[in-house]
Amino acid sequence: MKIYNIQNLSFSYDEKCLIFENINLQLDTNKITLLNGINGSGKTTFCRLLSGLEKKYKGRISLGYRELSKLSSAEISDKIVYLKQESFANIIAATPSEDIAIWKHKFQNKISHEFEKEQLEALKEYNLEQFKDQPFWEMSGGQIKRVGLAGLLLNMDKYWILDEPVTGLENALIDILINILQKRKTEGKGALIISHRFEKFEQIVDNWLKIKDKKIIDIK
Amino acid sequence: MKLNLRTILIIVIMITSLSVIYQNIVVQIGLLIISIFLLLIVQPSKHKLFRILHRLKNIAKIILTLMIFQVLFRRAGEIYWQWGIIQITSVGLNYGLVSSLRFFLIIIIAGLLFDIPYYDYLLAFHKWKIPYEISFLVASVIHFIPIFAQKFQRSNEALLLRGIDLKKLPIIKRFRAYLTLLFPILAGAISQVRYRAISLELRAFRLYNERTFLYEAKLRWFDYVIQVFIFTFFLLVLITL
Amino acid sequence: MNQLQVKNLSFKYFNTQKWIFKDFSFFAENGDIVTVKGSSGSGKTTLLNILCSVIPKVIKGDFNGQISVNTENLENLSLPQIAPKISLLMQEPEYQLFFPTVEQELAFAPENLKINPQQIHQRITQALAKLNIKSLRYLQTASLSYGQKKLVTLASILTLSPDVFLLDEPFAGISKETIHIIKNIIQELAQSGKIIFIVDHSEFITKSVNKTIDLDILNENL
């Protein structure tokens, strides 16, 4: 099953510089795709397009069976989750436990007692229990990155879009993420990963893509 | 003919002083014409002109409302029209028009000044013996405005990506959400200041009392000519009016 | 002849029991490339902060010991005085960008050092050429991608050209092609006599490294 079906996609931020030109591409729901490209080639732009943050594109992007530009942010976030490259960009609240809680209550609902367990489990996975009430501005870049990764664990049933998820992380933590990704694959859940460190993901990647000259091509 | 920023600033100071001193409609219109002329010389790109027109359009409603208030609440001089306690007087009308014209003037001049690259200001301040620290402070503020805007935009996006639409929340919950967002941004900015200060010092900031500059902004012949012209014009106006 | 001497360094933050360094001594000289390794939180950034005197001058803690660069004790110098001798490239580019355009950013440090404009121009052109980012010279820093910002901050420390470079995760968020370029620059700097400390998780630069400080091993013995 294809989670994304992209047809004749063209996009530029202003009228002058085209970033993508006539992209045709499909992403499988249950496969792991790795996307590479030089700095500034448009990897993050691609993620922004797929997550509905940029709606002024030409062509079609269907998420599931519906046109992306017509979906609300609630509908999009039901199906996919996008972890940005810059650690701070994924953070909303002041501490990790507050931040993870937002995934559940979304400022509307109450949090149940069971959720607190789930929250702690997610933080534990990345060795963050001791930091759960520490303010973000006192944490290191690597620790903040891990909080973002922990938040993903509350979205296991969605398709993941990960923009440079392991930069600045040591190998032990990278292995944790890879194990999680592998486990998800067996349950039919895939991901789009952007990473310069693709040798780390070699074992689990099914499709290799590269952005070159405003197009996305298959490699390997 | 690229005018030195110092010349431009002198013209701007003259225009704004005259605008504040004189409550005369003719003077305001004259200054407005001069400032538009200045704008055309300094920023001849269509894009920037459109931006200023756009800003004027947005502000127009506010200016109009203010003008009406001025007209109705300043009562003195000849009464042109009356209905009950509402009066339109000559002084009120004059005041209303003058303040609106002044407003337009400020928008045009602000638009002009804002688009000039920061480095030109740095050089102008340096030549006028303003300490570099002050220039740097101005630069930092300029640097931070888009950054703060970016941070807020980013928090907004983080919310969207979690499927949270602030506009659909009831007021109390929306307020709570805004607080949750704002607090880390401010606290983060404050803690960031410490690292940025360290970074500055480790780039040898204020190591010596003086510093060199990559570029120079020399005054050319037409700068001198215009500056002399401006001074005389200013004096003439002050004397005759 | 560049030298960096760490003598009997002991340090822990206030409000913690854990000593990060106890009586640690280390010597680096001309052309050394030193990697600083260790797990998250082991003290890699702390070490870099200590080497350039940020600890204890700005960030406080229980500090003992002496750091000298080229036989001059850093204790008696202010941070700006220390900058031409030893400077720090932080991991987060946002903390190190101050000016609207890239060129201004790169000119800042040499301007502070009162270097003449022609030489500043040269340093900027060289730094941009070495990092292959000539096209970014007149662009607004706010519009750059994360990777590009990292390269600009690296370029700004190249134009400062201190005797000792402290690089905190310089490869994080950089594409493979550019990593190669940065590796070459580091080797070039070492060959010209500079001392370079690198905190690096990714083991990109194992070949040219001749000294290693492994904080996990150090911490084990504390």
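Between C:Asp214, C:Asp200, the distinction of being among the acidic types (Asp, Glu), under 15 Å from the mean Cα position of the chain (by Cα) and surrounded by 13 or more Cβ atoms within 10 Å (Cβ to Cβ) belongs to C:Asp200 only.
Here the strands (runs of 3 or more DSSP E) wholly within segment C:123-222 that include at least 1 residues being touching a Leu at 6+ places or on another chain (Cβ under 8 Å) and acidic (Asp, Glu) are C:164-168.
Looking only at residues in segment B:154-171 that are modelled with pLDDT of 85 or more and exposed (fewer than 12 other Cβ atoms within 10 Å of the Cβ), the one that is nearest to A:Lys158 (Cα to Cα) is B:Pro170. Of the helices (runs of 4 or more DSSP H) lying entirely inside segment A:124-220, the ones with 1 or more residues being within 14 Å of chain B (Cβ to nearest Cβ) are found at A:141-152.
Residues are listed down the side, and each one gets a yes or a no for (1) in contact (Cβ under 8 Å) with a residue 40 or more places away in the chain; (2) out of contact with any Asp or Glu (no Cβ under 8 Å at 6 or more places or on another chain):
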residue: C:Leu136; (1), (2): no, yes
residue: C:Gln140; (1), (2): yes, yes
residue: C:Val164; (1), (2): yes, yes
residue: C:Gly173; (1), (2): no, no
residue: C:Lys176; (1), (2): no, yes
residue: C:Ile186; (1), (2): yes, yes
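Kindly check whether there is at least one residue in segment B:179-190 that is in a helix (DSSP H, G or I), of a type in the set (A, V, I, L, M), more than 8 Å from every other protein chain (Cβ to nearest Cβ) and more than 28 Å from the chain's Cα centre (by Cα). The answer is yes, given that some residue of segment B:179-190 is in a helix (DSSP H, G or I), of a type in the set (A, V, I, L, M), more than 8 Å from every other protein chain (Cβ to nearest Cβ) and more than 28 Å from the chain's Cα centre (by Cα).
Having 3 or more residues that are touching an Asp or Glu at 6+ places or on another chain (Cβ under 9 Å) and more than 14 Å from chain B (Cβ to nearest Cβ) is the bar; report the strands (runs of 3 or more DSSP E) wholly within segment C:20-81 that clear it.
Values: elements: C:21-29, C:33-37, C:62-69.
So the answer is C:33-37, C:62-69.
Among residues of segment B:67-96 that are outside the structural domain of B:Ser19 (by TED's automatic domain parsing), none has a Cβ under 8 angstrom from a residue that is surrounded by 13 or more Cβ atoms within 10 Å (Cβ to Cβ) at a sequence gap of 6+ or on a separate chain.
In segment A:16-23 there is no residue matching the filter, namely being within 28 Å of C:Lys150 (Cα to Cα), of a type outside the set (A, V, I, L, M, F, W, C) and either touching a His at 6+ places or on another chain (Cβ under 9 Å) or buried (at least 21 other Cβ atoms within 10 Å of the Cβ) (or both).
B:Lys151: part of a helix (DSSP H, G or I), farther than 27 Å from C:Ile86 by Cα and free of Cβ contacts under 8 Å to residues at least 24 places away in the same chain, yes or no?
Working: part of a helix (DSSP H, G or I): yes; farther than 27 Å from C:Ile86 by Cα: yes; free of Cβ contacts under 8 Å to residues at least 24 places away in the same chain: no.
The answer is no for B:Lys151.
If we scan segment B:33-45, do we find a residue that is crowded, with 18+ Cβ neighbours inside 10 Å, farther than 30 Å from B:Ala217 by Cβ and assigned by TED's automatic domain parsing to the domain that holds B:Ile230? No, the conditions are met nowhere in segment B:33-45.
The values are calculated or read from the model by the stated rules, or taken from the named source; none is laboratory data. A quick note: this is a predicted structure, and the numbers were derived from the prediction, not measured. Note that we place each Cβ from the backbone using ideal geometry, even for glycine, and neighbour counts take in every protein chain shown.
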